[in-house]
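A short worksheet on the structure shown next.
The values are calculated or read from the model by the stated rules, or taken from the named source; none is laboratory data. Everything numeric in this text was worked out from a predicted model, so none of it was measured. With ideal geometry, Cβ positions are generated from the backbone for all residues, glycine too; neighbour counts draw on all protein chains shown. The accessibility values were calculated without ligands, DNA or RNA, using every heavy atom of the protein model including side chains. Shrake-Rupley method; radii C 1.70, N 1.55, O 1.52, S 1.80 Å.
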Amino acid sequence: MAHVPQIKIPATYIRGGTSKGVFFRRQDLPAAAQEPGEARDKILMRVIGSPDPYGQQIDGMGGATSSTSKTVILDKSTVPDHDVDYLFGQVAINKAFVDWSGNCGNLTAAVGAFAISGGLVDPERIPENGICTVRIWQKNIKKTIIAHVPITNGEVQETGDFELDGVTFPAAEVVIEFMDPADGEGSMFPTGNLVDELEVPAFGDKPAATYKATMINAGIPTIFVNAADIGYTGTELQKDINGDADVLAWFEHVRAHGAVKMGLIQNIDEAVARQHTPKIAFVAPATNYEASSGKQISADDIDVCVRALSMGKLHHAMMGTASVAIATAAAVPGTLVNLAAGGGEREAVTFGHPSGTLRVGAAAEEKENGDWTAKKAVMSRSARVVMEGFVRIPGDTF
């Protein structure tokens, strides 16, 4: 029996923030994958190694976590005053599904560098030495992001001494500005409330309950609940949650009901096809704890503790987009995040996550009609090319 050979696709494997993903220039993809559709999804899933009923992605580039099951497609921007169009695909691990509903804030740190190295930024905009300001159009959410990429001798500077909790080795700092991070098509608080009563029906051995929740659309749609209300402290690590399938299923149950209340889906059954958004997170006042690396985190060094789930599992650190949601919610007096951080007005917050701490800035203001808006959120990340060349997939993938 004859079998088709593999095909080669130019690609680069990059760590961005606390995530890793496979980056492509749109022009390098097979013609069938240069436009949205089934062929594109099939190719990206095969590159990553999904769907994998074993949940390991052994036969692909994925790392069997939400942080490493990611793909990025970049192209010269078609939007005026922007350099590059950035499209993000979150690949499900054990299902045949690519979620295009949101952004990846961590991989955003690598977009500017890849765009520069890949010839997608006008050479006249790249200094010989200094900082290159890359204007990114995030196609998933239709928002502008500004990446400040260090340049040395005309090339992207990747090495440095900037340390990011959740990443083992230091690298060059990349400052990222998420402009107007709230959903421009509706309220930053989709329900119109800073705090809602989220009714969650009984599930498994958990009775029906009503939880206070802040539901915000900034960076990425996110549902925040109080850790104490759901039986946690806000200092949990992955090992405390991810090994319990019943607990994870309950979190997904809560997330689905929150998604309905936010107007993102019509009924909870639709949540299965929208795994990337919204996120669900829980918050608690600052307290001492030990991070996953063994590092001691002092309550004096943070404002609030936050834990978030991504693609059905507790994240090992914090998603970049969820960090924007945390910063923005913290800047609005009266939200659960703001109250857990001590209340009052603030333009920056340092939060504790499973791998350590992160400081994020955001400026929010109340409009005349009572709605809130955020001008931008700012954070520092780093990025590094791990490998470049070609990925291979069977020629009959699509």
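Measuring with a 1.4 Å probe in the full set of protein chains, what accessible area per residue, in whole Å², belongs to the stretch 267-396? Ligands and nucleic acids excluded, the result is 40 Å² per residue.
Only helices at least 20 Å long along their axis, Cα-based, and averaging 0.0 or more on Kyte-Doolittle count here, so list those DSSP H runs from the chain.
245-261
Rolling a 1.4 angstrom probe over the stretch 201-307 with all protein chains present gives an accessible area of which 49% lies on carbon and sulfur atoms. Largest first and in whole Å, the equivalent-ellipsoid semi-axes of the stretch 71-223 read 36, 18, 16, each the square root of five times a Cα gyration tensor eigenvalue. Looking at the stretch 146-214, the accessible area is 53 square angstrom per residue; that uses a 1.4 Å probe and ignores ligands, DNA and RNA. On the principal axes of its alpha carbon atoms, the chain extends 57, 55, 45 Å, with the longest extent given first. Per the Debye calculation on the stretch 27-100 with a single equal scatterer at every Cα and no solvent contribution, log₁₀ I(q)/I(0) for q = 0.14 Å⁻¹ amounts to -0.45.
Extension gain, GLU35 to TYR13, is 5.8 nm, computed as 0.36 nm per intervening residue step minus the present C-alpha separation. Loop-located trypsin sites (Lys or Arg not before Pro) in the stretch 308-367 (DSSP state other than H, G, I, E, B) with a sparse environment of at most 14 neighbouring Cβ atoms within 10 Å: LYS367.
Calculated from the alpha-carbon coordinates, the stretch 293-396 shows an Rg and a Dmax of 17.5, 58 Å respectively.
Counting other Cβ atoms within 10 Å of each Cβ, which GluC sites (Glu not before Pro) in the stretch 176-266 have at most 10 and sit in a DSSP loop?
GLU185
Between ALA273 and ASP300, the C-beta separation translates, for a Förster distance of 41 Å, into a calculated FRET efficiency of about 0.40. With all protein chains in place and a 1.4 Å probe, the accessible surface of the stretch 10-152 carries 52 percent carbon and sulfur. Computed on protein heavy atoms with a 1.4 Å probe, the accessible areas place MET215, MET387 in the order MET387, MET215, largest first. Would you please give the residues with an amide H less than 5 Å from that of ILE126, counting only those at least 5 places away or on a separate chain, with H modeled from the backbone geometry? For ILE126, whose amide H was placed from the backbone, there are no distant partners under 5 Å.
The calculated Kirkwood hydrodynamic radius for the stretch 19-64 is 11.3 Å, given to one decimal from all distinct C-alpha pairs.
Computed on the stretch 78-129, the Cα convex hull volume stands at 119 Å³ per residue.
Once Rh is set to the Kirkwood radius over Cα pairs, what Stokes-Einstein translational diffusion coefficient, in µm²/s, holds for the stretch 209-342 at a temperature of 4 °C and a viscosity of 1.567 mPa s?
Diffusion coefficient, whole number: 87 µm²/s.
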